[in-house]
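Everything on this sheet refers to the single structure shown next.
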Amino acid sequence: MRVVKTIDEVRKQVREWRAQGLTVGLVPTMGYLHEGHASLIDASHKDNDRTVVSDFVNPMQFGPTEDLESYPRDIDRDAQLVEEHGGDLIFNPEPSEMYHEGFSSFVDMTVLTQELCGLSRPVHFRGVCTVVSKLFNIVKPDRAYFGKKDAQQLAVIRHMVDDLNMDIEIIGCPIIREADGLAKSSRNTYLNPDERKAALVLSRSIALGKDMVKNGEKSCETIIGEMKKLISAEPLARIDYVKIVDCATMQQITKLDRPALCAIAVYIGKTRLIDNFFSEDV
Ligand code: AMP
């Protein structure tokens, strides 16, 4: 397992693998890896001969008041996890390697980004689409792996690949959770012990919503209302959004009469956390 910092080194390595007829999977991450990321690496290791993990805190997908500077980083720890899970190469570039002076080309999307995180984080998906396009061009993988934890991101990437005829199979992987239910996230490290307890309102409200759907509730207003009530009872929690959207359009719906995504974003203290469930998975 190697850690490389330059685009040239990645290209050289992938070219060698290609010359041997090997398939390549890509797992894009922002590092500070946990079992959620590990599950993506496992999936890629199973499907492909070689796995590249990108480890890059992408400045372009952070808004001006967001946590770019404080985002946790630990490449040595990440390298150990990637090695343990069968990854072959980590691409860990500096921002200047990805965005040279005068960089001025962007990949943006006019659909799927008007709701949920796209609404709360206006520059986010332009940054995601641009960096993922660049990673796809650098690594040229057969398959790329994304978590359903970032459900809107997964939908946006699938749409981008389709729109721009990128010859890459996109694989969505299930949400990995802590034993008590909290979805694993690099941002969980921001939580102090009281906030860590309070953060359980996210997974509890997701479980409540799922139960309501399982029991036949069709009214989105009723489901959202109960989930909001549960979250609002926690003094350290502040709701960014609790929404139910059509999976295909990411537009809000009022009745559960088609495949839907129920997604939430909640601030616990200063830390913004997300969670979700798909109606189809209930
Ligand atoms: P990040 O490093 O947070 O940008 O995440 C990199 C990839 O890992 C994204 O595709 C995420 O959806 C995925 N991921 C993050 N947390 C989890 C989790 N708890 N379960 C499954 N996938 C995850």
Check: How do the pairs read when you match residues in region 30-45 that are charged (D, E, K, R) with residues anywhere that are more than 6 Å from the ligand (Cβ to nearest atom) and not in a helix (DSSP H, G or I), using Cβ under 8 Å and keeping only pairs 6 or more apart or on different chains?
Finding: Asp42/His85; Asp42/Gly86
Next item on the list: Please give the number of the condition Trp17 fails out of (1) open to solvent by less than 30 Å² (accessible area, probe 1.4 Å); (2) part of a helix (DSSP H, G or I); (3) within 13 Å of the ligand (Cβ to nearest atom).
Entry: (3)
Margin query: Could you tell me how many of the residues in region 208-259 are touching a residue at least 60 places away in the same chain (Cβ under 8 Å), charged (D, E, K, R) and outside any helix (DSSP H, G or I)?
Written below: 2
Next item on the list: Mind telling me which of the residues Leu22, Leu33, Leu68 ends up being of a type in the set (A, V, I, L, M), in a loop (DSSP other than H, G, I, E, B) and under 20 Å from Asp167 (Cβ atoms)?
Entry: Leu22
Check: Assuming Leu89 fulfils every condition listed in (1) in contact with a Lys or Arg (Cβ under 7 Å, 6 or more places away or on another chain); (2) surrounded by fewer than 19 Cβ atoms within 10 Å (Cβ to Cβ) apart from one, which condition is it?
Finding: (2)
Next item on the list: Scan region 211-225 for residues that are surrounded by 14 or more Cβ atoms within 10 Å (Cβ to Cβ) and either among the small types (Gly, Ala, Ser) or over 16 Å from Ala265 (Cα atoms) (or both) and jot them down.
Entry: Met212, Val213, Glu217, Cys220
Item checked: Selected residue (criterion: farthest from Arg121 (Cα to Cα)) from residues of region 40-65 that are hydroxyl-bearing (Ser, Thr, Tyr) and assigned to a strand (DSSP E or B) -> Thr51
Next item on the list: Quick one: count up the residues across region 156-190 that are more than 11 Å from the ligand (Cβ to nearest atom), open to solvent by 20 Å² or more (accessible area, probe 1.4 Å) and either under 14 Å from the mean Cα position of the chain (by Cα) or not aromatic (Phe, Trp, Tyr) (or both).
Entry: 13
Item checked: Inter-residue pairs, beta-carbon under 9 Å, first on the phi > 0 side of the Ramachandran plot and in a loop (DSSP other than H, G, I, E, B) and in region 80-99, second surrounded by fewer than 20 Cβ atoms within 10 Å (Cβ to Cβ) and charged (D, E, K, R), 6+ apart -> Gly86/Asp42; Gly86/Lys46
Notebook entry, point to check: Could you list, in sequence order, the residues of region 164-195 that are part of a helix (DSSP H, G or I) and in contact (Cβ under 8 Å) with a residue 12 or more places away in the chain?
Noted result: Ser186, Arg187, Asn188, Thr189, Tyr190, Asp194, Glu195
Next item on the list: Identify the residue in region 132-154 that is assigned to a helix (DSSP H, G or I) and more than 13 Å from the chain's Cα centre (by Cα) and, among all such residues, is farthest from the ligand (Cβ to nearest atom).
Entry: Asn137
Item checked: Boolean, Thr110 is hydroxyl-bearing (Ser, Thr, Tyr), in a loop (DSSP other than H, G, I, E, B) and surrounded by fewer than 17 Cβ atoms within 10 Å (Cβ to Cβ) -> yes
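The values are calculated or read from the model by the stated rules, or taken from the named source; none is laboratory data. Keep in mind the model is a prediction, meaning the values are calculated, not measured. Ideal geometry is used to build each Cβ from the backbone, glycine not excepted, and the neighbour counts take in all protein chains shown. Just so you know, the surface numbers come from the protein's heavy atoms only, side chains and all, with ligands and any DNA or RNA stripped out. Shrake-Rupley method; radii C 1.70, N 1.55, O 1.52, S 1.80 Å.
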